[in-house]
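Working notes for the structure below.
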Amino acid sequence: MNILVAGGAGYVGSHMVKQLVRSGHYVVVLDNLSTGYRELARYGRLVVGDLGDIALLDSLFQENSFDAVMHFAANSLVGESVTHPSMYYRNNVVNTLNLLDKMVSCNVRYFIFSSTAATFGEPEYTPIDESHPQKPINPYGASKLVIEQVLRDYAVAYGLNSVSLRYFNACGADPEGELGECHDPETHLIPLILQAASGRRENITVFGRDYPTEDGTCVRDYIHVEDLCEAHALALKSLTKNQALGARAYNLGNGNGFSVQQVIDAAQSIVAKDGKKISVVEGDRRVGDPAVLVADSSLAKNILDWQPSYTDLVSIIEHAWKWEQRF
Ligand code: UFG
């Protein structure tokens, strides 16, 4: 297939492009490199540009006859979304609308959208399935939820078939060590822990030990980036198999919750093999962190036939550690 990957120079997008190219697809990457990296767009044909540039979208869709679009391009920091909502609604909502309208006018009918667990807000129960109420508590989650609704409306009105994939905690790296996470600033737990191990930062701060969990630290559902990409590939297959699929949405996690302390302990034993040690300091709770966020991914498993391969922390951290050691 001929596939446009918006945001293909970012963390999840770059892994997806590699997987698509390896499977024989032709991929055009559109990325403005605001949070992506040219070095990560090593597979596919990179076009540097912004989804806000309608003229660029016109020419891109005119030159290429795309069969499908995967959309990873977004701002995704919860804290930043609270202080800069305009940026989040413009990039995550308005720019996505530009892309969707271009698809509709060119009759490109398959769309895969990176959504998030943040659309659920404070969990009312866990594990979180697709029936859980979606009440986001920050503009990031709200911006993604708007697009999920847009996709339902576009399916009815314009026949645009889509799958929204709600990631829980994306993590890990390309097992071959070519790609990985490099956010600036980095805010995610696993890369921060590994930076503390490699010496790129002094320590890792545990944000709160007084949560109602077994060891008092927050529990999250860490899902390997390779497993996320596999779900996208299966979602694409489901779209091509059913020409009238409409707008579907699936939660993606591996279903196993791990606490911050468990992640630190697992990382500690992996980096110890390389003679490294992680220094841990105690901190206050981070505002807006629920105690437990774990996905129920039964629907993706049953309907897409998806099965995460990395259900424990070891490979996730080993792959991320291999990537961290490049710096
Ligand atoms: N944490 C620390 N210390 C740190 C960084 C994180 O203790 O230095 C803790 C957090 O408090 C949290 C856990 O590690 O309990 C994971 O934090 P991350 O920042 O790695 O991930 P989040 O769970 O906050 O974020 C994820 C996704 C977001 C999504 C959000 C939904 O990465 O895109 O879940 O709540 F919006």
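The values are calculated or read from the model by the stated rules, or taken from the named source; none is laboratory data. Treat the numbers as computed from the prediction; the structure is a model and nothing was measured. Because the Cβ atoms are built from the backbone with ideal geometry, glycine has one as well, and the counts that use them run over all protein chains shown. Accessible surface areas use protein heavy atoms only, side chains included; no ligands, DNA or RNA. Shrake-Rupley method; radii C 1.70, N 1.55, O 1.52, S 1.80 Å.
Is it true that some residue in region 247-258 is open to solvent by less than 20 Å² (accessible area, probe 1.4 Å), assigned to a loop (DSSP other than H, G, I, E, B) and in contact (Cβ under 8 Å) with a residue 24 or more places away in the chain?
At the first step, the residues of region 247-258 found to be open to solvent by less than 20 Å² (accessible area, probe 1.4 Å) are 250-254.
Narrowing further to those that are assigned to a loop (DSSP other than H, G, I, E, B): 253-254.
Filter once more, keeping what is in contact (Cβ under 8 Å) with a residue 24 or more places away in the chain: 253-254.
Yes, because at least one residue in region 247-258 is open to solvent by less than 20 Å² (accessible area, probe 1.4 Å), assigned to a loop (DSSP other than H, G, I, E, B) and in contact (Cβ under 8 Å) with a residue 24 or more places away in the chain.
Could you say whether any residue in region 1-13 is surrounded by fewer than 17 Cβ atoms within 10 Å (Cβ to Cβ) and without any contact (Cβ under 8 Å) to a residue 24 or more places away in the chain?
Going residue by residue through region 1-13, those that are surrounded by fewer than 17 Cβ atoms within 10 Å (Cβ to Cβ) are 1-2.
After this cut, where a residue has to be without any contact (Cβ under 8 Å) to a residue 24 or more places away in the chain as well, the list is none.
So far as region 1-13 goes, no, none of its residues is surrounded by fewer than 17 Cβ atoms within 10 Å (Cβ to Cβ) and without any contact (Cβ under 8 Å) to a residue 24 or more places away in the chain.
Looking only at helices (runs of 4 or more DSSP H) that lie completely in region 26-106, which have at least 2 residues being under 27 Å from Ala117 (Cβ atoms)?
Correct list: 78-83, 85-88, 95-105.
Which condition number in (1) in contact with a strand residue (DSSP E or B) (Cβ under 9 Å, 6 or more places away or on another chain); (2) within 16 Å of the ligand (Cβ to nearest atom) is the one that Gly79 fails?
Evaluating Gly79 over (1) in contact with a strand residue (DSSP E or B) (Cβ under 9 Å, 6 or more places away or on another chain); (2) within 16 Å of the ligand (Cβ to nearest atom) leaves (1) as the failure.
From the residues in region 194-210 that are near the ligand (Cβ under 8 Å from one of its atoms) and under 24 Å from the mean Cα position of the chain (by Cα), which one is surrounded by the most Cβ atoms within 10 Å (Cβ to Cβ)? Steps first, please.
Keep residues of region 194-210 that are near the ligand (Cβ under 8 Å from one of its atoms), which gives 204-208.
Those left that are additionally under 24 Å from the mean Cα position of the chain (by Cα): 204-207.
Details: Ile204: 23, Thr205: 16, Val206: 19, Phe207: 17.
Only one residue fits best here, namely Ile204.
Considering region 103-113 alone, what residues qualify as being touching a strand residue (DSSP E or B) at 6+ places or on another chain (Cβ under 9 Å) and either open to solvent by 10 Å² or more (accessible area, probe 1.4 Å) or modelled with pLDDT under 95 (or both)? Spell out how you get there, then give the answer.
So in region 103-113, the residues touching a strand residue (DSSP E or B) at 6+ places or on another chain (Cβ under 9 Å) come out as 103, 108-113.
Across region 103-113, the qualifying residues are Arg109, Tyr110.
For the condition part of a strand (DSSP E or B), within 12 Å of the ligand (Cβ to nearest atom) and at pLDDT 95 or above, what is the one hit in Val263, Val281? Show your work before the answer.
Working: Val263 fails: part of a strand (DSSP E or B).
Within the list Val263, Val281, the selection yields Val281.
With more than 19 Å from Asp174 (Cα to Cα) and within 16 Å of the chain's Cα centre (by Cα) as the only criterion, which of Asp31, Asp53, Asp101, Asp67 stands out? Walk me through how you get there before you give the answer.
Working: Asp53 fails: within 16 Å of the chain's Cα centre (by Cα); Asp101 fails: within 16 Å of the chain's Cα centre (by Cα); Asp67 fails: within 16 Å of the chain's Cα centre (by Cα).
After applying the criteria, what remains is Asp31.
Go through region 217-232 and report how many residues are more than 10 Å from the ligand (Cβ to nearest atom), touching a helix residue (DSSP H, G or I) at 6+ places or on another chain (Cβ under 8 Å) and open to solvent by less than 10 Å² (accessible area, probe 1.4 Å).
Selection size over region 217-232: 6.
What strands (runs of 3 or more DSSP E) completely inside region 143-220 contain at least 3 residues that are of a type in the set (Val, Ile, Thr), more than 21 Å from Tyr37 (Cα to Cα) and in contact (Cβ under 8 Å) with a residue 24 or more places away in the chain?
Working: elements: 161-167, 169-171, 204-207.
Strands (runs of 3 or more DSSP E) meeting the threshold: 204-207.
Only one of (1) part of a loop (DSSP other than H, G, I, E, B); (2) outside the structural domain of Val78 (by TED's automatic domain parsing); (3) more than 16 Å from the ligand (Cβ to nearest atom); (4) open to solvent by less than 60 Å² (accessible area, probe 1.4 Å) fails for Gly275. Which number is that?
(4)
For region 125-142, name all the residues that are part of a loop (DSSP other than H, G, I, E, B) and aliphatic (A, V, I, L, M).
Step one: list which residues in region 125-142 are part of a loop (DSSP other than H, G, I, E, B), which gives 125-127, 129-138.
Answer for region 125-142, where residues must be part of a loop (DSSP other than H, G, I, E, B) and aliphatic (A, V, I, L, M): just Ile137.
Just to check your reading of the model, which residue among Val156, Val163 is closer than 28 Å to Ser59 by Cβ and either within 15 Å of the chain's Cα centre (by Cα) or not assigned by TED's automatic domain parsing to the domain that holds Pro308 (or both)? Walk me through how you get there before you give the answer.
On the way: Val156 fails: closer than 28 Å to Ser59 by Cβ.
Val163 is the lone residue from the list that is closer than 28 Å to Ser59 by Cβ and either within 15 Å of the chain's Cα centre (by Cα) or not assigned by TED's automatic domain parsing to the domain that holds Pro308 (or both).
Being over 19 Å from the mean Cα position of the chain (by Cα) and of a type in the set (Asp, Glu) is the filter here, so list the residues in region 276-305 that pass it.
Glu282, Asp284, Asp305
Among the residues of region 77-102, which ones are at pLDDT 95 or above and among the small types (Gly, Ala, Ser)?
Scanning region 77-102 gives Ser81, Ser86.
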